[in-house]
Ligand SMILES: NC(=O)c1ccc[n+]([C@@H]2O[C@H](COP(=O)([O-])OP(=O)(O)OC[C@H]3O[C@@H](n4cnc5c(N)ncnc54)[C@H](OP(=O)(O)O)[C@@H]3O)[C@@H](O)[C@H]2O)c1
């Protein structure tokens, strides 16, 4: 039996676990990564129960060159058919109105942007050489227009959205498919740390099903919920003070710092 090889970063999180379980099946080899070995083992067991072959690797995606080497090694051993660059972190301005610590800004770009590039870039070249493969970049609706309460997160997601769209253009005639996932609020540990309105939020399982369906249709951008995405994108057509006022009213938020943030370590 030929196994379909699916690689998922951030597999220890809410969306990553749901994606792993969505793809877990008898004819699938899952390569899963995240940092928590304990979570990786637990998720691998659930995926094996569904018949999948599973390989796990704990790594810090901020170590971009180590990630690149690891991805290349994985692909040399068993060519990757689909890679989902999903690992991500979030932060926001602080409740008193002061900004994000630079350490968090750097971390968001390292994980959400460079981490994606370190995963996708080496695979793009190898998939292009063999004329087959699919890359999925997990973005966010906040990449459609900078949200004033989450500047670094918005910018890190805008960067990968543009990167993914450009890669799709470059690879269009090569047999390699590239999709960007521009999604709204999804239940997960990340979302549990987000204090603010979460209009039209959905479960991680539902998000994983929508992502899979979009990838099977080779959509360039998998947008959901569509109405929210269109609403956010349309703000680009308004004059800036009005757009910012709308965002600060409807997407006012704070984010409970995670353990890697200098604020979370206090
Ligand atoms: N939840 C939402 O509402 C929402 C909405 C739009 C887009 N997204 C995007 O969806 C993706 C998944 O988010 P989620 O909601 O599932 O968040 P989550 O539950 O917090 O999961 C985040 C994942 O990223 C991994 N990660 C974080 N820092 C890492 C690092 N330095 N090295 C390696 N892995 C690291 C985590 O692994 P470890 O903890 O094991 O390190 C975990 O597997 C992210 O890209 C996020 O931006 C989420």
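Every read-out reported here was derived from the displayed coordinates using simple, explicitly stated rules and does not represent laboratory data. This one's a predicted model, so the numbers in the text were calculated from it and none came from an experiment. Backbone-built Cβ (ideal geometry, glycine too); neighbour counts: all protein chains shown.
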**Fill in**
re the chain: pairs of Cα atoms spaced beyond 35 Å account for a percent value of 13
**Message:** Below 8 Å, C-alpha to C-alpha, sequence gap of six or more: please give me the relative contact order for the chain in percent.
**Reply:** 19
**Degrees, to the nearest 10: 115-130 long Cα axis against longest axis of the chain** = 40
**Prompt:** Taking neighbour counts of Cβ atoms within 10 Å as a proxy for exposure, in what order, fewest first, do 49, 63 appear?
**Reply:** 49, 63
**Prompt:** Between residue 37 and residue 198, how many nm apart are label points set 7 Å from Cα along the C-beta direction?
**Reply:** 3.1
**Asked** Given only helices, namely DSSP H runs of n ≥ 4 each adding -39500 (n - 2.57), what is the per-residue ellipticity at 222 nm of the chain, to the nearest 500 deg cm²/dmol?
**Response** -13500 deg cm²/dmol
**Request:** Measure out, as a whole number of angstrom, how far apart the alpha-carbon centroids of the stretch 21-98 and the stretch 166-207 sit.
**Result:** 16
**Item:** Angle in degrees between helix 64-77 and the longest Cα principal axis of the chain, rounded to the nearest 10
**Value:** 30
**Prompt:** What angle do you read, to the nearest 10 degrees and between 0 and 90, between the alpha-carbon axis of helix 37-49 and the longest principal axis of the chain?
**Reply:** 60
**Complete:** Counted neighbours (other Cβ, 10 Å), sorted fewest up, put 182, 249, 113, 9 in the order 249, 113, 182, 9
**Asked** Between residue 191 and residue 103, 0.36 nm times their residue separation minus their Cα-Cα distance comes to what?
**Response** 29.6 nm
**Cα gyration tensor, the stretch 75-130 - rounded (a/c under 1.5), prolate or oblate** = prolate
